[in-house]
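Participant: Pasting in a structure now, in C-alpha cells, and then I'll have a few things to ask.
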Amino acid sequence: MARARRNKSYKLTGIYDRRSREMPFNADVAEVEVDNPLALDPGEKIMAIRSVRSDPLGRLHSHHQIDEAQYRGGRAFQNDWERAERGPQAVDTTREYVDGTSTREPLTESQRQAVLRLNRVERELGTDGAGLVHDVLVQGLTMDQIGERRAVRTQRWNDYFARRFRECLDRLALIYGFATEAGTKRADRRK
C-alpha cells in the first residue's frame, strides 16, 4: 500500500488569527490593538476587532476624530457612571423573605468615589456640557438625535454639538488625569 503524501500548502502563520472573516451585513467594526491574553511577555499586543455600532466613543476613536486621552477620559466617565448607577436589581432568592420590603444595599466605597468624581465632572463641564456628555456616552445618542431632542435640526447645530463634545472630552481627560493642562494648550494652538 502506498503511503499518503502530505500536503505542504498549509500555513502556520495564520494559526492564531482569531478575527472573524464573516460579518453580518449591518456590522460596524474597527480594528484595535489590545494586550495579548496569551502572551508570555508582558506588553505584547495583538490586533482585534471591536464593534462600534452602538459605541459613539469607540467610533470617534477608530476614525481618529478624538485622541487617546479624550477616549480614555470618556471611558473613565462611562466606568464611573456604571459604578455609581443603582438601577433595578434582581430578586435575591437566597435572602429571607420579609413582608415584601427589600432593604437597599449599602453604598460601597468605590460607588461613593465614583459619585464624587461625577459631581466634580458636572461642576467642571457645567449643566449643558454634562448633559451633552451624558447623552452621548451613557445614552449613546448621535449629534442628529441630540439636535432633535433640543429642537434644533440644522447642520450648524450638529457641528456645534460635535465641537462642544470634543471640548468636554478634553476636560474629562484633564479631570481623570489622562492629559495635562500644557498638552491641551498646545493642541488648542494647532487648531
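The values are calculated or read from the model by the stated rules, or taken from the named source; none is laboratory data. Quick caveat, the model's predicted, so the values are computed rather than measured. Note: ideal-geometry Cβ built from the backbone for every residue, glycine included; neighbour counts use all protein chains shown. SASA here: full protein model, heavy atoms, side chains in, ligands and nucleic acids out. Shrake-Rupley method; radii C 1.70, N 1.55, O 1.52, S 1.80 Å.
Participant: Is it true that some residue in the stretch 126-145 is modelled with pLDDT under 95, under 13 Å from Gly74 (Cβ atoms), open to solvent by 30 Å² or more (accessible area, probe 1.4 Å) and touching a Lys or Arg at 6+ places or on another chain (Cβ under 6 Å)?
Facilitator: no
Participant: Within the stretch 146-174, take every residue that is aromatic (Phe, Trp, Tyr) and open to solvent by 20 Å² or more (accessible area, probe 1.4 Å) and give me the one that is farthest from the chain's Cα centre (by Cα).
Facilitator: Trp157
Participant: If you don't mind, there's one more thing I want to ask. How many of the residues making up the stretch 6-60 are open to solvent by 70 Å² or more (accessible area, probe 1.4 Å) and modelled with pLDDT under 65?
Facilitator: 12
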